[in-house]
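Readers should treat all values here as calculations from the given coordinates under stated rules, not as data from a laboratory. What you see is a predicted model; the values in this text were computed from it and never measured. In this analysis, Cβ positions are derived from the backbone assuming ideal geometry, glycine residues included, and neighbour counts consider all displayed protein chains.
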Amino acid sequence: MQQRRIVVTGLGIIGACGTGAAAVWESIRQGASGLRPLSLFSSIRYERILVGEVPADVDRLAGNVRGSRSDKLAWIAAREAVASAGLPLVGRDRRARRSVEEQSRTAQRSVPTSERIGVVLGATVGGMLGTEKFVRDLLQPRRASYGVLRFHECAASADLIARQFGADGPVLAFSTACSGGALAIAAAAELIANDEADVVLAGGCDSLCRLTLNGFGSLLLLDPKGCRPFDAQRAGISLGEGAAVLVLEAAEVAAARGGTVLAELSGWGAACDAYHATAPQPDGDGALVAMRRALTRAKLSPTDVSYVNAHGTGTRDNDLMEGRALRRLFGDALPPVSSTKPFFGHTLGASGAIKAVISVLALRHQALPPNPGFDAVDPEIRIEPVRAYRPAALTHVMSNSFGFGGNNVVLVFSKPPAVVGQAPRLPSPGQRQPERLPYNFRFPIVGAGAVNPVGETTCEMRAPLPSGRAPVFACGEFGAEKELPVARRRRLSRLQQMTLVAARRCLPAQFDPAHACVAIGTGLGSLNEAAAFVENLWRKDEREPLPQRFTNSVHNALAGQVAIELGARGLNSTPTCHEISFEAALWHALRELAAGTANLALAGAADELNPYAVAAGRRWGLPVPGEGAAVFALTTTDGGPRSVVAAGTSTDAMLRGSVQAPRVPPMAYLHAVRLGRYTGDNEAEARWIADTVDLAKLDVLLTGANGWPALDAEYAAVAEALGRMAGRKIVVGTYKQWCGEHASASAFGFSVAIRLVRGEVRLAEQTGDCRRVALYTLSPHAQKALCVVEH
Amino acid sequence: MQQLIEELKQKIVAALNLQEVKPADIKEDEPLFGAGLGLDSIDALELVVLLERDYGIIVKEQEVARKAFTSVRALATFIEEHRGQCSKGA
């Protein structure tokens, strides 16, 4: 299938140096740093340290929406982006929707339908600022409000935007530390390129919080003088906060609705260092591969790049590594480089998206943003970044984002061609040809490994929580002592150990790590580590921080540790999408297999019991919580040699020639992965499933029913509608009775599906053989996913 | 000094969860990082916390930590020099 071109038609941004694209660009033109003394919360240890705090009244600007500060920042940016794109998104109000449709008919313009509009955001801390207060209240004799936990997860911001705009396409969130915003944009591009969505609101957000301030402080990475990227005297980062959202559209969709094209997203590429939990690979190997992959995807060579918006955090290690990687890519022909971090601070999950907006604005204004704080060239880096704002002819701009765990993501934005071409009419949903559906394929599943709960048991709740016992599904002893070397284990969190044990159990005997990609989804992620860090913070008034806990608290430490273990240097992704985190991981890993940038994909999900969540669940009467980790190995369709993205004259083994995909007898095949939003209309849901899998050949529908009456009724109603459509009763199975409720439960369900098609287990209602199983998952936040496993 | 060195060995093993290492295995002049015990930058930061907790020495710059932690003996010397001072490298 011809890959679709992707254009940017709208921008929204809020940060320390301004609210809105116009204000931000004015600050950049003036070269005024956005750093100022911290005032959002008080800190004993870092009183009045320079940060990129948003000066605007975020609550007032966000208006009538509920959510964390992070959610509100994201909403403010998304609202601007949608308005600037002229997208008629009016939410769920039917009358407003009808009027939009009518207007577009009179204007003879097509408007993308709501199920073709997605939201993909990157975030690192999510609602941590609120969760910190919750922890403080628990530790003091005062009432803690459990309600704030509903905004804790990184996915909450994307949920909010989807809800407000009525976007019914895939709604995803990624949490890969400092590259999350860029990875979200890359994933959004995949959705559009692969025809799974027409329009995606993509970006990132993060608010300042005590965890990251004290965490980076404990790593001795905060520069008291404010960050000075690439400067010889640089001494660390300045933390920041903000959000940025881009409206990405398929070029023909933008043309059909008459949208103004601001830039083209011409390339994106990801690669993992597989080196260390926090330190970058010193020579910039992973960064270089990510840059090359982005250029290859854009069909450009290094000489085409007219400006690099560097990751440039201001730490000794990052800037040195990035400088080396840039020299390796560009040689002596280095284009102008600058880091715009001093305008915003390091905004973590938002950073990649903010840089994407700056890159597009640089193309629009045909000017180079400066690098405040830079004074003298570091003789080791030998890069003098742009000192002052100046006009320049820019055609292609490269935007770098590198995160903890060696998560490198690079985006390339290009000046749009003068004429975008004819505006074709969009096919209406009814006209779509089923064989064109982008989610049907047949990838061999060559390995499955898991750490499963041993059965229902009870756990003791301890202070600071109210004491009591709660029923849970816990993993107990899961074999880490036997399966992981002591030296490897000593610094890993329990959840990392669970994930690593599952990953080791799924590995085929032979594989080529350089071409392996890893995607591990998670709901609550490393909350236990973050909570330990924050509890310690409150108890000791910020003395004696726990640096190890902090580095373990990033959600992508799971996928990162798996990559280090394997040496897997392909894409490293951490979707945090509530109950469909596993399916999102599977989807992301398969996109890499399909693109040829990997020939082995490890996809899985992991979650562990968290005391706050258990206590909240008890209060709210939620189903019995559980935990577990499951990782699956998938390979390319043919299993034969496959050419892997080759680029330039690199001597890097990673980028050369063709490699052998592992030849292992498959245990089953993955036939489809599809992500979307639950509509509440049973007939529409059944049709969505029937569009993805041939009902005549579907033997079992495996659902995430968990004993919660409202959810179970939804699953039952969809199964019934599906039966009516198929003209026979569809056998329905469930799996949460064995693993409890947790965001990664569908990964357990996936292993049940594999065992069903292999005939290793049978359902009571099953009459014949089971050759094809559809795993259907709904989240309470209205995400849905479907995976089809076949014999 | 020798007493401080022995004390430090025990504390390092406990703080860094070095299950396979006995305090006596750590040689005074052996490099703590890279080769030797195979510790890395995150372990160094855990030792920074140990200095703050047990000796009241606050290290604020990576460069200071890098020099102080070359070996157990260097660490002991660093502690002797800075004990009682409230901060270093501010």
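Worth pointing out:
- Between A:Thr106, A:Thr395, A:Ala81, the Cα set farthest toward the positive side of the dipole of the range A:6-419 (charges on each charged residue's Cβ, about the Cα centre) is that of A:Thr106.
- Label point distance in nm, A:Asp681-A:Ala32, each placed 7 Å from Cα along Cα→Cβ: 5.0 nm
- Taken residue by residue and averaged, Cβ atoms of other chains lying within 10 Å of the Cβ of A:548-554 number 2.
- In plain terms, the residue of B:Glu81, A:Glu80, A:Glu153 with the fewest other Cβ atoms within 10 Å comes first and the most crowded comes last, giving B:Glu81, A:Glu80, A:Glu153.
- Every Cα-Cα pair in the range A:255-315 was counted, and those over 16 Å apart are 59% of them.
- Projecting the Cα atoms of A:Ala719, B:Val59, A:Ile564 onto the dipole axis of the protein assembly as shown, where Lys and Arg carry +1 and Asp and Glu carry -1 at the beta carbon, places A:Ala719 farthest toward the positive end.
- Net charge dipole size for the range A:674-790 [Lys, Arg +1 and Asp, Glu -1 on Cβ; Debye, nearest 20]: 260 debye
- Ranked A:Glu115, B:Glu7, criterion: other C-beta atoms within 10 Å, fewest first: B:Glu7, A:Glu115
- Across all directions, the shadow cast by the convex hull of the range A:6-419 built on its C-alpha atoms averages 19.3 square nanometres.
- Stokes-Einstein translational diffusion, the range A:674-790 - Kirkwood Rh over all Cα pairs, 0.890 mPa s, 25 °C, in µm²/s: 175 µm²/s
- The Rg/Rh ratio of the protein assembly as shown, with both radii computed over alpha carbons and Rh defined as the Kirkwood radius, is 0.95.
- Cβ-based exposure ranking for A:Val65, A:Val305, in which fewest neighbours within 10 Å come first: A:Val65, A:Val305
- Average beta-carbon neighbours from other chains, 10 Å sphere, peptide A:231-239: 1
- Counted charge near A:Ala719, where neighbours are those whose Cβ lies closer than 11 Å (Asp, Glu -1; Lys, Arg +1): -2
- Inter-probe distance in nm under a simple model that places probes 7 Å from Cα toward Cβ, at A:Asp283 and A:Arg45: 3.6 nm
- Net lengthening on full extension, A:Val486/A:Arg387 (0.36 nm per residue, minus Cα-Cα): 30.7 nm
- Signed unit charges on C-beta, dipole axis of chain A, positive-most listed residue A:Cys787, A:Leu40, A:Gly740: A:Leu40
- Note on A:Thr260 and A:Lys299: the model spin-label points, each 7 Å out from Cα along the C-beta direction, lie 2.8 nm apart.
- Among beta bridges from DSSP that stay inside chain A, the antiparallel ones total about 70%.
- Size of electric dipole in the protein assembly as shown: Cβ of Lys, Arg +1 and of Asp, Glu -1, about Cα centre, debye, nearest 20: 1360 debye
- Protection-proxy order for peptides A:484-497, A:84-97, A:400-413, each taking the mean of Cβ atoms within 10 Å per residue, highest first: A:400-413, A:484-497, A:84-97
- Pairwise Cα inverse-distance average, inverted: Kirkwood Rh of the range B:2-88 (Å): 12.8 Å
- Using a Förster distance of 22 Å, the FRET efficiency for A:Asp769-A:Phe441 (Cβ separation, nearest 0.05): 0.45
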